[in-house]
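The values are calculated or read from the model by the stated rules, or taken from the named source; none is laboratory data. These numbers come from a predicted model, not from an experiment. Note that each Cβ is placed from the backbone with ideal geometry, even for glycine, and that neighbours are counted across all protein chains shown.
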Amino acid sequence: MSKHKKTKGKIHWPSAAEERQINRGIAADEDAPAWTDDMFTTARRGRGPQKAPKKVPITLRLDPDIVAHFKMHGPGYQSRINEALRDHIH
């Protein structure tokens, strides 16, 4: 399959043959069954409302070694940074 690029505001769509190949792959994927009408009526978009109070989105620049330290423990590094800052101020 060729790579498709968005250049100068134009989208290069897959060819008919590529589209057929994509659809065959989707149909063969047992982890992606066809949706039923019931699935569409009960589907939700997004994560839903937060259970805890909302946090404030910011942009923060940190040294690379600090980010690496928190990321090396896997997903949730932003929450761990938040917890470390909270521990520091209390």
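Tell me the residue from 13, 35 that is at pLDDT below 90 and of a type in the set (Phe, Trp, Tyr), please. Before the answer, list the steps.
Details: 13 fails: at pLDDT below 90.
Result of the check over 13, 35: 35.
Which residue is nearest to residue 85 (Cα to Cα), if the candidates are limited to the stretch 27-66 and must be over 20 Å from the mean Cα position of the chain (by Cα) and of a type in the set (Val, Ile, Thr)?
This residue is 66.
What number of residues within the stretch 12-27 satisfy the criterion of being among the polar types (S, T, N, Q) and either part of a loop (DSSP other than H, G, I, E, B) or loosely packed, with under 10 Cβ neighbours inside 10 Å (or both)?
Selection size over the stretch 12-27: 1.
Say we look at the stretch 67-90 and pick out the residues that are over 17 Å from residue 57 (Cβ atoms) and outside any helix (DSSP H, G or I); which of these is nearest to the chain's Cα centre (by Cα)?
For the stretch 67-90, the residue satisfying everything is 75.
Restricting attention to the stretch 66-90, report how many residues are of a type in the set (Val, Ile, Thr) and exposed (fewer than 11 other Cβ atoms within 10 Å of the Cβ).
Going through the stretch 66-90 one residue at a time, the tally reaches 1.
Has the stretch 44-57 got at least one residue that is of a type in the set (Val, Ile, Thr) and part of a helix (DSSP H, G or I)?
We begin by selecting, within the stretch 44-57, every residue of a type in the set (Val, Ile, Thr); these are 56.
Subset that is part of a helix (DSSP H, G or I): none.
For the stretch 44-57, residues of a type in the set (Val, Ile, Thr) and part of a helix (DSSP H, G or I): absent.
Quick check on the stretch 28-65: of everything there that is of a type in the set (Gly, Ala, Ser) and exposed (fewer than 10 other Cβ atoms within 10 Å of the Cβ), which residue is nearest to residue 79 (Cα to Cα)?
So in the stretch 28-65, the residues of a type in the set (Gly, Ala, Ser) come out as 28, 32, 34, 43, 46, 48, 52.
The next check asks that each one be exposed (fewer than 10 other Cβ atoms within 10 Å of the Cβ); those that pass are 28, 34, 43, 46, 48, 52.
Details: 28: 38, 34: 36, 43: 28, 46: 20, 48: 19, 52: 13 Å.
Looking at the filtered set, the residue picked out is 52.
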